[in-house]
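Asker: This is the structure, below, for whatever I ask next.
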Amino acid sequence: MEEDEEDYGFEYSDEDDQVDDDVDIENQYYLAEGQLDHDAESALRGFGEVLAMEKEKGEWGFMALKQTVKVLCRQKKYGEMLERYREMLTYIRSAVTRNHSEGCINEILDFVSKDSQQMVLLQEFYEITLGALQQARNERLWFKTNLKLGMLWFGLEEYGRLSKILRELHKSCAAPDGTDDQKKATQLLEIYALEIQLYTATKNNKKLKQLYERALAVSRAAIPHPRILGVTLECGGKMFMESKAYESAAKDFYEAFKNYDEAGDSRRIQCLKYLVLANMMSLSEIDPFASPEAKAYTTNREIVAMTDLVSAYTRKDIHEFERILKDNKESIMDDAFIRSHIQDLLTKFRTQVLLKLIEPYTKLSLSYISEELNIPAPELESLLTSLILDEKIRGLIDQVGQKLELQRERGEQRRFAHIVEWSEHIFSLHTAITSRLRD
């Protein structure tokens, strides 16, 4: 009887070998990653092993290079870091997905940008990145990277470098005739937002106004990210503040606050402060925290000082107003924009308090007014002189007697005389009626 031979062995294919290799590479990557916190050199050697184990460029090699770049950056080995970064960028054409490569590149750029002192290095780093993205024809990430670089230069006040970036970005969104391509409205708004910040910082109000109006027109035809719209409206509010159009400024700051709030951007707190400032500058009686969106922040540590300021403003309590400013320098006065308008606000506020104070008088001592307004005599005289010249106060300053003498208009004097006469008539009538009742 012939025995049937059965083969119970397993057949191994090249695919099985590949799976085993991938597992080994993955294990090696995590082994190296685990050494990052306590032994950077061992971690670097481990990531080098990952690259050696890969037969073709793949995801684990890409991630190993990303980690290597970050370690070398911490060690300030910038030359070697750039070499490894160039090698990493060769993977983005086909070795990894576009989304994964974009996430890693953004992570690396943010990491390297923390060291803002290395200007030459940052410039080279971004140029290498932009060149690689152009070769890979990744227009979206090229555009985003240029915006990121532009924001970096803006934060460092490198406005010349920023202008160069803006020109490149405008070229990428130009129609064949050289004008802005309205089909790229969303990208245009991102460029406008960055450019508007530049004009705001450099106080180029003429170009700012033109671009602001253009940006608002484009925003109506697009669906902009709320953060981008927030930036545009915030700068618009600052523009209106400079031109003393305080009601328009308050409107833009409120809309900017709402957009930042929707985007979850921390700028919402600053815009809420700017809204309060513009509201007081416009002498508005409307509570800036009346809306549900703003009311939600009334207990915020930075906003509490502003709500107290509004309360003192409403009561016309100049002493409390100035105390709040003094006690909250960090949350109010540390902001350069607010600080630049505080003196104007104080002048407006003191003017309102002063006009109310002198209303029932014909003469007041300057020392009394000075005490009530909480300002020294020379500053008071300067304020009074300005108000007299602007005809907001009709009167003159008696330098010898140190008094303010108010001049009532004839019509006003007649009105007071009629009031006195009417009061006397009422009193006489009351006396006569009382006498008859007694009889």
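The values are calculated or read from the model by the stated rules, or taken from the named source; none is laboratory data. Keep in mind the model is a prediction, meaning the values are calculated, not measured. Cβ sites come from the backbone with ideal geometry, for glycine too, and all protein chains shown count toward neighbours. Side chains included, ligands, DNA and RNA excluded: accessible areas come from the protein's heavy atoms. Shrake-Rupley method; radii C 1.70, N 1.55, O 1.52, S 1.80 Å.
Asker: Restricting to region 205-224, name every residue that is among the aliphatic types (A, V, I, L, M) and either open to solvent by 20 Å² or more (accessible area, probe 1.4 Å) or not in a helix (DSSP H, G or I) (or both).
Answerer: If the condition is that a residue be among the aliphatic types (A, V, I, L, M) and either open to solvent by 20 Å² or more (accessible area, probe 1.4 Å) or not in a helix (DSSP H, G or I) (or both), then 216, 217, 221, 222, 223 are the ones that fit.
Asker: From the list 71, 120, which residue is without any contact (Cβ under 8 Å) to a residue 40 or more places away in the chain, in a helix (DSSP H, G or I) and open to solvent by 80 Å² or more (accessible area, probe 1.4 Å)?
Answerer: 120
Every residue, every condition in (1) surrounded by fewer than 18 Cβ atoms within 10 Å (Cβ to Cβ); (2) at pLDDT 90 or above, yes or no:
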{"site": "268", "(1), (2)": "no, yes"}
{"site": "272", "(1), (2)": "no, yes"}
{"site": "277", "(1), (2)": "no, yes"}
{"site": "286", "(1), (2)": "yes, no"}
{"site": "313", "(1), (2)": "no, no"}
{"site": "320", "(1), (2)": "yes, yes"}
{"site": "343", "(1), (2)": "yes, no"}
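Asker: Moving to a separate point now. So if I check each of 132, 185, which one is assigned to a helix (DSSP H, G or I) and over 30 Å from residue 240 (Cα atoms)?
Answerer: 132
Asker: For a quick check of your reading of the model, give me the residue pairs whose first member lies in region 371-395 and is of a type in the set (A, V, I, L, M), whose second is open to solvent by 70 Å² or more (accessible area, probe 1.4 Å), with beta-carbon atoms closer than 9 Å and at least 6 apart or on different chains.
Answerer: Hits for this filter: 373/379; 377/367; 377/402; 388/394; 388/396.
Asker: Which condition breaks for residue 290 when tested against (1) open to solvent by 50 Å² or more (accessible area, probe 1.4 Å); (2) within 23 Å of residue 236 (Cβ to Cβ); (3) assigned to a helix (DSSP H, G or I)?
Answerer: Looking at each condition in turn, residue 290 falls short on (3).
Asker: I'm trying to understand the selection: among the residues of region 400-427, which are under 24 Å from residue 348 (Cα atoms) and either open to solvent by 70 Å² or more (accessible area, probe 1.4 Å) or at pLDDT 85 or above (or both)? Walk me through it before giving the result.
Answerer: To start, the set of residues in region 400-427 that are under 24 Å from residue 348 (Cα atoms) comprises 402-408.
The answer is 402, 403, 404, 405, 406, 407.
Asker: Another question about this same structure. Here are some residues: 396, 325. Which one is surrounded by 12 or more Cβ atoms within 10 Å (Cβ to Cβ) and not in a helix (DSSP H, G or I)? Break it down stepwise before answering.
Answerer: Numbers: 325 fails: not in a helix (DSSP H, G or I).
Result of the check over 396, 325: 396.
Asker: Here's something else I'd like to know. Name the residue, out of 190, 247, 195, 234, that is open to solvent by 40 Å² or more (accessible area, probe 1.4 Å) and of a type in the set (Asp, Glu).
Answerer: Values: 190 fails: open to solvent by 40 Å² or more (accessible area, probe 1.4 Å); 195 fails: open to solvent by 40 Å² or more (accessible area, probe 1.4 Å); 234 fails: open to solvent by 40 Å² or more (accessible area, probe 1.4 Å).
Going through 190, 247, 195, 234 in turn, just one is open to solvent by 40 Å² or more (accessible area, probe 1.4 Å) and of a type in the set (Asp, Glu): 247.
A quick yes/no check of all residues on (1) under 25 Å from residue 25 (Cβ atoms); (2) loosely packed, with under 14 Cβ neighbours inside 10 Å; (3) touching a residue at least 24 places away in the same chain (Cβ under 8 Å):
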position: 75; (1), (2), (3): yes, yes, yes
position: 104; (1), (2), (3): yes, no, yes
position: 127; (1), (2), (3): no, yes, no
position: 136; (1), (2), (3): yes, no, yes
position: 153; (1), (2), (3): no, no, no
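Asker: Something else: Condition first: basic (Lys, Arg) and under 15 Å from residue 302 (Cβ atoms). Now tell me which residues in region 255-277 satisfy that.
Answerer: Matches in region 255-277: 267, 268, 273.
Asker: Tell me which residues, restricted to region 28-50, are of a type in the set (A, V, I, L, M) and buried (at least 19 other Cβ atoms within 10 Å of the Cβ).
Answerer: 32, 43, 44, 50
Asker: Also, quick follow-up: Which ones in region 73-97 are closer than 11 Å to residue 108 by Cβ and in contact with an Asp or Glu (Cβ under 9 Å, 6 or more places away or on another chain)? I'd like the intermediate steps shown before the answer.
Answerer: To start, the set of residues in region 73-97 that are closer than 11 Å to residue 108 by Cβ comprises 73, 81, 84-85, 88-89.
Listed by number, the list holds a single entry, 73.
Asker: Could you tell me which residue of region 328-341 is least open to solvent (accessible area, probe 1.4 Å), considering only residues that are outside any helix (DSSP H, G or I) and free of Cβ contacts under 8 Å to residues at least 60 places away in the same chain?
Answerer: 328
Asker: Please count how many residues of region 225-252 are within 18 Å of residue 192 (Cα to Cα) and part of a helix (DSSP H, G or I).
Answerer: 16
Asker: Scanning for something hydrophobic (A, V, I, L, M, F, W, C) and touching an Asp or Glu at 6+ places or on another chain (Cβ under 7 Å), does region 151-165 turn up at least one residue?
Answerer: In the first step, residues of region 151-165 are kept if they are hydrophobic (A, V, I, L, M, F, W, C); the result is 151-154, 156, 162, 165.
After this cut, where a residue has to be touching an Asp or Glu at 6+ places or on another chain (Cβ under 7 Å) as well, the list is none.
Among the residues of region 151-165, not one is hydrophobic (A, V, I, L, M, F, W, C) and touching an Asp or Glu at 6+ places or on another chain (Cβ under 7 Å), which makes the answer no.
Asker: State all residues of region 345-370 that are open to solvent by less than 70 Å² (accessible area, probe 1.4 Å), part of a helix (DSSP H, G or I) and free of Cβ contacts under 8 Å to residues at least 60 places away in the same chain; if no residue qualifies, say none. Break it down stepwise before answering.
Answerer: Our first condition is that a residue be open to solvent by less than 70 Å² (accessible area, probe 1.4 Å); within region 345-370, this holds for 345-355, 357-358, 364-366, 369-370.
From what is left, the residues that are part of a helix (DSSP H, G or I) are 345-355, 357-358, 366, 369-370.
If the condition is that a residue be open to solvent by less than 70 Å² (accessible area, probe 1.4 Å), part of a helix (DSSP H, G or I) and free of Cβ contacts under 8 Å to residues at least 60 places away in the same chain, then 346, 347, 350, 351, 353, 354, 355, 357, 358, 366, 369, 370 are the ones that fit.
Asker: Another question, if that's okay. Can you find even one residue in region 143-157 that is part of a loop (DSSP other than H, G, I, E, B) and either modelled with pLDDT under 90 or of a type outside the set (A, V, I, L, M, F, W, C) (or both)?
Answerer: Applying the first criterion (part of a loop (DSSP other than H, G, I, E, B)) to region 143-157 yields 156-157.
Still in the list and also either modelled with pLDDT under 90 or of a type outside the set (A, V, I, L, M, F, W, C) (or both): 156-157.
There is at least one residue in region 143-157 that is part of a loop (DSSP other than H, G, I, E, B) and either modelled with pLDDT under 90 or of a type outside the set (A, V, I, L, M, F, W, C) (or both).
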